[in-house]
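Remarks on the structure that follows.
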Amino acid sequence: MPATGDYLIIGAVAAVVTFAVTPLVSRLARARGWLYYPNERTVHTAPMPAIGGLAMFIGFIAAFTVARLLDRFDPLFARNSEPRGIIAAAVVIVAVGLWDDVKGSAPPAKVTAIVIAGLALVQFGVTMYYFRIPFVETPLLSDDWVPLITVLWLLGMTQAINLIDGLDGLAAGIVAIAAGAFFLYSVKLSDLALLTPPNFGPLVAIMAVGMCVGFLPHNFNPARIIMGDSGALLLGLMMAVSTSVVGGRADPNAQAYLGQTYFFLAPLIIPLMILGVPILDLVFAVVRRASRRQALDVADKGHLHHRLMNLGHGHRRSVLILWAWTAVLSGFVLYPVLTERNPSYLPFGMAAIGIVLFTVLHPSVRRRRRNGEAV
């Protein structure tokens, strides 16, 4: 497998290219009228260029191309069909996302496109080998189950990122933190020779980090462009690919690591915890709409970021709070894997308590309570 420095070069390429082309994409969107107009659900007061995902896709293609041209990545690409599957799925995802951003599309059309992208991954072998459940013997996935698990995993990841993309910089920041954490985890497993080679997980994760880092300067509040469905779905695809080929391919016969830690015995738990904020938001959205007997595609203002703003937090502070939760969850699950010593979770508990107290006792929240405003 390539060295960590090699991966960082690819992440830097994704960041630089995404940063450079985003203003060009913004100008294109304004010239063509591809704008997202304010409505009762948005926090923007002016039309915004809605195709930031196109800039991220260009950054992704540039980074992928550079990796293919570098000799040190030859072990990943040589006689391997997976790159074609990743590219094909990305093209499908971005195409339907751009169509939705520009023209609008019905939810069934987007779901169908995501299923097609998942089947492309299956066709080219970008799948899990094992589905690991804590304290249960690891099953080898049969050919009958691989397509279903792959499509469901992709649907879950894409919808989680898409739903959390409601404030400037929120989705990009969360994915940057989560993908960075998962990159460290996958590199650690690779160094321990516990990943089935060749494995594209670390490469896809670091490209996701670079794309988000390059996009954030243009997208953080006050944003000059939003990623739209094209960007959110692309990031969801990249997280689905990296987590499935790492968590679903770690050596099931390896001896328990770090005192049989729960997280190592179930690598698929790692991404679920790292992406805890968007996944929790997705679960709440499903429960909320089901309890109201609404369709799952019905938009509302009950998401986590909306609730923080209703408490009295501003746009930026709400985003930073959810970034902080992602960082704490990432550190919590990775600590026993990366430190190689007995876990001590006290700092993470203290950090979590600190975030909670900051969230509920901030002066702006207390001021709103004193004024009798709804929270």
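The values are calculated or read from the model by the stated rules, or taken from the named source; none is laboratory data. None of the values given here were measured: they were computed from a predicted structure. Using ideal geometry, Cβ is built from the backbone for each residue, glycine included, and neighbour counts are taken over all protein chains shown.
Here residue 85 fulfils each of the conditions (1) surrounded by fewer than 22 Cβ atoms within 10 Å (Cβ to Cβ); (2) without any contact (Cβ under 8 Å) to a residue 60 or more places away in the chain apart from (1).
Would you check if there is a residue in the stretch 84-94 being at pLDDT below 90, farther than 22 Å from residue 160 by Cβ and of a type outside the set (A, V, I, L, M)?
No; the residues of the stretch 84-94 include none that is at pLDDT below 90, farther than 22 Å from residue 160 by Cβ and of a type outside the set (A, V, I, L, M).
When the test is whether a residue is closer than 30 Å to residue 306 by Cβ and within 22 Å of the chain's Cα centre (by Cα), residue 64 does not pass it. What do you reckon, is residue 256 at pLDDT below 80, in contact with a helix residue (DSSP H, G or I) (Cβ under 7 Å, 6 or more places away or on another chain) and farther than 27 Å from residue 85 by Cα? In short, yes.
Close contacts from the stretch 233-262, counting a first residue that is of a type in the set (Lys, Arg) and a second that is in a helix (DSSP H, G or I) and at pLDDT 60 or above, with Cβ to Cβ under 9 Å and a gap of 6+ residues or different chains, come to 249/201. The condition (being within 19 Å of residue 217 (Cβ to Cβ), at pLDDT below 95, of a type in the set (Gly, Ala, Ser) and crowded, with 20+ Cβ neighbours inside 10 Å) is satisfied by just one residue among 50, 55: 50.
The number of residues in the stretch 207-233 that are surrounded by fewer than 24 Cβ atoms within 10 Å (Cβ to Cβ) and among the aromatic types (Phe, Trp, Tyr) comes to 1. Scanning the stretch 188-208 for residues that are in contact with a strand residue (DSSP E or B) (Cβ under 9 Å, 6 or more places away or on another chain) and in a loop (DSSP other than H, G, I, E, B) turns up 194, 196. For the condition touching a residue at least 60 places away in the same chain (Cβ under 8 Å) and more than 21 Å from the chain's Cα centre (by Cα), residue 130 qualifies.
Being without any contact (Cβ under 8 Å) to a residue 24 or more places away in the chain and basic (Lys, Arg) is a property that residue 317 lacks.
Yes or no: residue 334 hydrophobic (A, V, I, L, M, F, W, C), surrounded by 15 or more Cβ atoms within 10 Å (Cβ to Cβ) and modelled with pLDDT of 85 or more?
Spelling it out, it is not the case that residue 334 is hydrophobic (A, V, I, L, M, F, W, C), surrounded by 15 or more Cβ atoms within 10 Å (Cβ to Cβ) and modelled with pLDDT of 85 or more.
Note on the stretch 150-192: among residues that are β-branched (Val, Ile, Thr) and closer than 22 Å to residue 126 by Cα, the one that is surrounded by the fewest Cβ atoms within 10 Å (Cβ to Cβ) is 151. Within the stretch 277-310, the set of residues being at pLDDT below 80, outside any loop (DSSP other than H, G, I, E, B) and touching a helix residue (DSSP H, G or I) at 6+ places or on another chain (Cβ under 7 Å) comprises 285, 304, 305, 309. Picking from residues in the stretch 193-206 that are modelled with pLDDT of 90 or more and small (Gly, Ala, Ser), the one that is surrounded by the most Cβ atoms within 10 Å (Cβ to Cβ) is 205. Out of 46, 29, one residue alone is of a type in the set (Gly, Ala, Ser) and in contact (Cβ under 8 Å) with a residue 12 or more places away in the chain. It is 29.
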